[in-house]
1. Got a sec? Which of PRO112, PRO82 is open to solvent by 10 Å² or more (accessible area, probe 1.4 Å) and within 30 Å of TYR236 (Cα to Cα)?
2. Please indicate, with yes or no, whether at least one residue in the stretch 335-347 is more than 16 Å from ligand 1 (Cβ to nearest atom), within 24 Å of SER66 (Cα to Cα) and either in the same structural domain as ARG96 (by TED's automatic domain parsing) or not in a helix (DSSP H, G or I) (or both).
3. Can you say whether ARG87 is modelled with pLDDT of 95 or more, within 16 Å of ligand 2 (Cβ to nearest atom), in contact with a helix residue (DSSP H, G or I) (Cβ under 8 Å, 6 or more places away or on another chain) and open to solvent by 60 Å² or more (accessible area, probe 1.4 Å), as far as the supplied structure shows?
4. Quick test for you: out of GLU337, GLU329, pick the one residue that is over 22 Å from HIS34 (Cβ atoms) and surrounded by fewer than 17 Cβ atoms within 10 Å (Cβ to Cβ).
5. Sort out which residues of the stretch 158-186 are of a type in the set (D, E, K, R), open to solvent by 40 Å² or more (accessible area, probe 1.4 Å) and in contact with a helix residue (DSSP H, G or I) (Cβ under 9 Å, 6 or more places away or on another chain), and write them in order of number.
6. For residues that are open to solvent by 10 Å² or more (accessible area, probe 1.4 Å) and assigned to a loop (DSSP other than H, G, I, E, B), scanning just the stretch 303-326, find the one that is nearest to ligand 1 (Cβ to nearest atom).
7. Find the strands (runs of 3 or more DSSP E) located wholly in the stretch 183-300 whose residues include 3 or more that are in the same structural domain as PRO77 (by TED's automatic domain parsing) and within 16 Å of ligand 2 (Cβ to nearest atom), and list them.
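The values are calculated or read from the model by the stated rules, or taken from the named source; none is laboratory data. Keep in mind it's a predicted model, so treat the numbers as computed, not measured. Heads up, the Cβs are rebuilt from the backbone with ideal geometry, glycines too, and the neighbour counts pull from every protein chain shown. The area values use the complete protein model at the heavy-atom level, side chains included, leaving out ligands, DNA and RNA. Shrake-Rupley method; radii C 1.70, N 1.55, O 1.52, S 1.80 Å.
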Amino acid sequence: MEYKITVLPGDGIGPEVIDESVKVLEAVGRRFGHDFDLAYGIVGGGAIDATGSALPDETIEMCLNSDAVLFGAVGGPKWDDPQAKVRPEDGILAIRKQLGLFANLRPVKVYPTLINASPVKPELLEGVDMIVVRELTGGLYFAQPKKRWNTSRGRRSVDTLKYTEKEIVRILRVGFELARGRRKLLTSVDKANVLESSRLWREIAVEVSADYPDVELEHILVDAAAMQLISNPSHYDVIVAENMFGDILTDEASVLAGSMGMLPSASLAGLPDPSSRKKQPISLYEPIHGSAPDIAGQGIANPIGTILSAASMLQLSLGLDEEATAIEEAVEGVLAEGYRTADIAGDGGELTDTVRMGSVIAGRV
Ligand code: IPM
Ligand code: MG
């Protein structure tokens, strides 16, 4: 079978980690007899330099004409001027919005072999296996007004935290559906003691839960969630949160896994339905980390988050379960053998650069 995949490496370490995930995809293609037709596009800072836009029309066209999108990272000091009219990050935000990718799934899994790579006490990390469902196309990131202006009494700015009932219902449903297939605990994160949007969110969570009597729903305030994620992480099964809360909590949660470089993500326009014959909506797969300008170009970035994102693409967008499992097992095997990129080398092991890590994982596939 031939699959059309749009590859958007982006900036900083994006191209470095994407190269390794492509290497692993090619290994999967050889072993299982698939043809991955990869088309490379530009996005982010590189696209601004080339075209003036962080998401050129051509790139979004490519995404729309493919089965799935594999994304690296965008951003860098070169484009960080706070006054700039266009920023690299606008590229990924625009793709999310234009493809309707409202549900961002961020699984947080602790590999037993990496327990010592985390600063969190080993006994707290035992059994940690959660998935954070981050709302991705609403809330503070997108709602209007969003601007900055001058007044006679100084500069002003505004961002807006706005959610419609429809947006809240659909993201909660994704959370409930996922919890149903797991430990059946859904933790809804909000700031209902202060924010009106959170009070609506909580009310709707209770309403939607009536359709999922088999799933236990609990609510937690985002500040308490930030603490509990570290002090009692194994409690959590599925966590669902507003866009910005989810952004912050997943960087925090990555500490449990040993490094930001370990975490994959899937951005979906709804949960895929493998039983349906209809063409699935296009989804995007990207590591949760950014472009890491401080280590870009040194060949030391951890490609595992991106490689696992590619595995998730095989499973969710292409229905290739066995192939996805082959990648996951290869990652597990390589970690068990002691290969470590610098970010997860806290417990020793064999210090491995980006390219070698990609090669040993591809080799195991
Ligand atoms: C992420 C990143 C992005 C976000 C940035 C690069 C816009 O932090 O995917 O978590 O805030 O969503
Ligand atoms: Mg983030």
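1. One residue alone meets the criteria, PRO112.
2. No; the residues of the stretch 335-347 include none that is more than 16 Å from ligand 1 (Cβ to nearest atom), within 24 Å of SER66 (Cα to Cα) and either in the same structural domain as ARG96 (by TED's automatic domain parsing) or not in a helix (DSSP H, G or I) (or both).
3. Considered against the rule, which asks whether it is modelled with pLDDT of 95 or more, within 16 Å of ligand 2 (Cβ to nearest atom), in contact with a helix residue (DSSP H, G or I) (Cβ under 8 Å, 6 or more places away or on another chain) and open to solvent by 60 Å² or more (accessible area, probe 1.4 Å), ARG87 comes out as yes.
4. That would be GLU337, the only listed residue that is over 22 Å from HIS34 (Cβ atoms) and surrounded by fewer than 17 Cβ atoms within 10 Å (Cβ to Cβ).
5. Once the filter is applied, which keeps residues that are of a type in the set (D, E, K, R), open to solvent by 40 Å² or more (accessible area, probe 1.4 Å) and in contact with a helix residue (DSSP H, G or I) (Cβ under 9 Å, 6 or more places away or on another chain), the stretch 158-186 yields ASP159, LYS162, GLU165, ARG173.
6. The selected residue is SER317.
7. Qualifying strands (runs of 3 or more DSSP E): 284-287.
Rundown of residues vs (1) open to solvent by less than 30 Å² (accessible area, probe 1.4 Å); (2) more than 12 Å from ligand 1 (Cβ to nearest atom), yes/no style:
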| residue | (1), (2) |
| --- | --- |
| GLU216 | no, yes |
| ALA224 | no, yes |
| ILE230 | no, yes |
| ASP237 | yes, yes |
| ASP251 | no, no |
| GLY258 | yes, yes |
| GLY261 | yes, yes |
| LEU271 | no, yes |
